[in-house]
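Here the structure is laid out as structure tokens; the discussion comes afterwards.
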Amino acid sequence: MNTPQDDPRAGSRQPVLWFAGGAGVLLIVIALVAVLMFSSEFGRKPDRPPLLPSTTLHETPTPTVARTPPPDNAPPSPVAAAASAPASAASAASASAGAQNGAAAVAQGAAEPAAHKAGFTPPAEREIPAGPMGDVIRQGEQIFLHTAANAKGFVGNSLNCVNCHLDAGRRPDSAPLWGAYVSYPAYRSKTQEVDTFASRLRGCFMYSMNGKAPPEGGPVLVALESYAYWLAKGAPTGEKLPGAGYPKVPKPPQAPDIERGRAVFAAQCALCHGADGQGQRAGDTQVYPPLWGARSFNWGAGMAGVDKAAGFIKANMPFSKANTLTDQEAWDVAQFMDAQERPQDPRFDGNIASTRKKFHDSEYSLYGQTVNGKLLGQGTPAARR
């Protein structure tokens, strides 16, 4: 009988036994590890989130809200103004900002009243092209909206172009830019010559802005002309488009009356323009425009004519309530507004009577007339901006 030592197969069986034994031990170890891992994971409680600081648990941080300032002119939105009377110029500016920026209008103006019937629709601001031409168009738009800030040296009062040409020069029946641009060159009785659009703009700075005319070909006029050209893109030339100017209001049954106009102003206009007609300011910003006095348009401006003022007022005022005044009320309040003193006509020749005869010989001008014992046309001291 062979012993293991003598068995010739013993040498070949030993590696097999070692391998089998090692594999068995390894399997046992793996099984134990698996059991431990399973029991640990099964019994482990979910992780708790880290504790937040006590201030976070008990206090809600106040979010920072970015407020967009109202377009400088633009006339502030009447939506807020009509809802409640502002307690101060600052509150007026705050109320105006939300409503006007919601309409992107200031700047620019409330939604166009249904009574306005335009013969042309100008392009939207988002359609301003990119590139150098678009840059100049945008410059013109900003000058139009914020004239005093962007045309320094040429403005002598607290007005902006958009105060009389609403919705950034788009709104019909408020002498929109698209209507003016395609109407020139044209003969004007005011200048007794054929005016170009550029010379018409220069006159606006002299009279409505009570300043001085920018040079033709200079950056201010080029930018404004470019903006007007773009707004009028596609409009027919040589045609009187509906809504292109200020509407003509029929003469009222009774002659315009200053005292009736004073009552209309107090009820319908003083909310925004102030009881003294000086508008409202928030710091250095003119929120609502002044209608007379040193900061308003001068005697040479078109709005100093009662007929033109009545047309603008009837079609556009009170803001957000256009065409709600009767013709009589529009004429009366225009008469009241234009019976107040304002800056001197830059064409003044040193004599009120002769200046009236040359430039204001009209039933619609109160320049050189005596009202309530006071001779109008004496002008006001220079405005301090």
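The table below lists the values:
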read-out	value
Subset of the stretch 176-200 [hydrophobic (A, V, I, L, M, F, W, C) and either in contact with a strand residue (DSSP E or B) (Cβ under 6 Å, 6 or more places away or on another chain) or crowded, with 24+ Cβ neighbours inside 10 Å (or both)]	L177, W178, V194
Selection within the stretch 191-221 - free of Cβ contacts under 8 Å to residues at least 24 places away in the same chain and charged (D, E, K, R)	E193, D195, R200, R202, E216
Scope the stretch 356-385; condition at pLDDT below 95 and either crowded, with 16+ Cβ neighbours inside 10 Å or of a type in the set (A, V, I, L, M) (or both); matching residues	A382, A383
Restricting the stretch 318-352 to residues that are under 22 Å from G203 (Cβ atoms) and either among the acidic types (D, E) or without any contact (Cβ under 8 Å) to a residue 24 or more places away in the chain (or both), the residue that is surrounded by the most Cβ atoms within 10 Å (Cβ to Cβ)	D338
Number of positions in the stretch 257-286 that are small (G, A, S), at negative phi and either surrounded by fewer than 16 Cβ atoms within 10 Å (Cβ to Cβ) or assigned to a loop (DSSP other than H, G, I, E, B) (or both)	5
Any hit, the stretch 106-115, residues being at pLDDT 95 or above and either more than 27 Å from T324 (Cβ to Cβ) or aliphatic (A, V, I, L, M) (or both)	no
In the stretch 187-212, residue farthest from the chain's Cα centre (by Cα) [restricted to those that are closer than 28 Å to N323 by Cβ and not basic (K, R)]	Y207
Pairs with Cβ under 9 Å, 6+ apart, first in the stretch 233-253 and free of Cβ contacts under 8 Å to residues at least 40 places away in the same chain and surrounded by fewer than 18 Cβ atoms within 10 Å (Cβ to Cβ), second aliphatic (A, V, I, L, M) and not in a loop (DSSP other than H, G, I, E, B)	none
Residue identified as of a type in the set (K, R) and in the same structural domain as R342 (by TED's automatic domain parsing) among R262, R171	R262
Qualifying residue in the stretch 280-296 (condition: closer than 22 Å to A213 by Cα, out of contact with any Leu (no Cβ under 6 Å at 6 or more places or on another chain) and among the aliphatic types (A, V, I, L, M))	yes
Search result, residues across the stretch 163-200 that are assigned to a helix (DSSP H, G or I), among the hydrophobic types (A, V, I, L, M, F, W, C) and farther than 23 Å from S365 by Cβ	L166, A168, L177, W178, F197, A198
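The values are calculated or read from the model by the stated rules, or taken from the named source; none is laboratory data. Just so it is clear, the model here is predicted, and its values are computed rather than measured. Ideal geometry is used to build each Cβ from the backbone, glycine not excepted, and the neighbour counts take in all protein chains shown.
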